[in-house]
Amino acid sequence: CSHSQAYCWMNCLELPTTCPQSPVQCSNSDSKPCCTDTVTEDCEAMDQSCHWECQASNDTTEDKFCNGYGTDMYMQGFTASGNGKDACVILLFKSWVLDTRTKFGLGCVGVILLGVAVEGMLCLRRQLQGRRILLRISGVTRRVSIVLLFALNIASGYLAMLVAMTYSVELFICMVIGLVVGHAIFNTEAAVGESVDPCCASQAIAHTNDDATQPIAENMCA
């Protein structure tokens, strides 16, 4: 560990700078001691909320949005935000640590927009593949456009799945809201697919009626 860090649970974590003259302890969100290189018995392990804190200022965590240390998945199941002793959510990228209420709010808005975009791209793919838009594009250009849009749709679907896997209550709800709003705007008239998973629904293939040669409503938006 570097000079500003010390081993706590399974990582080298930053030491608090607010109490340079006070003793510190590695503890979890319930203020129970976590395992360190010197404390190996009667300690908490496999707990991502473990962090270094000042022994004389445990009450200061009540004013924090989170403890400042990021996690991409809460290991204890669905967790609500706002507890100063819990780890901060990492939203998709290492640098996107939602460690303040403002950042978390912006993250929620972004997640909702992602959900709407997933449904919107499904609609756009049906329109493009059904030759309902951009009629002047043909041949290789149209095929390349369909393939690239499919790749973008798959990528956004998996990003939506990763957001849900953070086990953040608020981000999960925002993702559901985004998908529902997007479906209401773009896909209420589309045929019901075999999967509601965003990463798999993007692979749905349009079917045709048995008594007609025209595609069914799956090729329509809204």
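The values are calculated or read from the model by the stated rules, or taken from the named source; none is laboratory data. Please read all numbers here as calculations on a predicted model, not as lab measurements. Cβ coordinates were reconstructed from backbone atoms using ideal geometry, including for glycine residues, and neighbour counts include every protein chain displayed. The accessibility values were calculated without ligands, DNA or RNA, using every heavy atom of the protein model including side chains. Shrake-Rupley method; radii C 1.70, N 1.55, O 1.52, S 1.80 Å.
Accessible surface ranking for THR102, THR36, 1.4 angstrom probe, highest first: THR102, THR36.
Surface calculation, 1.4 Å probe, protein heavy atoms: ILE173 sits at approximately 90 Å² accessible. Taking a straight Cα-Cα cut-off under 22 Å and skipping sequence neighbours fewer than 8 places away in the same chain, the lysines within cross-link reach of LYS94 are LYS64, LYS85, LYS103. Distant-in-sequence amide contacts of CYS88, defined by a placed amide H-H separation under 5 Å and a gap of 5 or more residues or a different chain, comprise ASN67, GLY68, TYR69, GLY70, THR71. Excluding SER168 itself, calculate the net charge of residues whose Cβ lies under 15 Å from the Cβ of SER168, where each Lys or Arg counts +1 and each Asp or Glu counts -1. Here the count lands on -2.
Note on surface exposure: ARG143, ARG125, ARG101 rank ARG143, ARG101, ARG125 by accessible area, highest first, 1.4 Å probe.
Considering amide H positions built from the backbone, and no H for Pro or chain starts, which residues 5 or more places from CYS34, or on another chain, come under 5 Å of its amide H? For CYS34, whose amide H was placed from the backbone, the distant partners under 5 Å are CYS26, SER27, ASN28, GLU44. Computed on the stretch 96-185, the Cα convex hull volume stands at 96 Å³ per residue.
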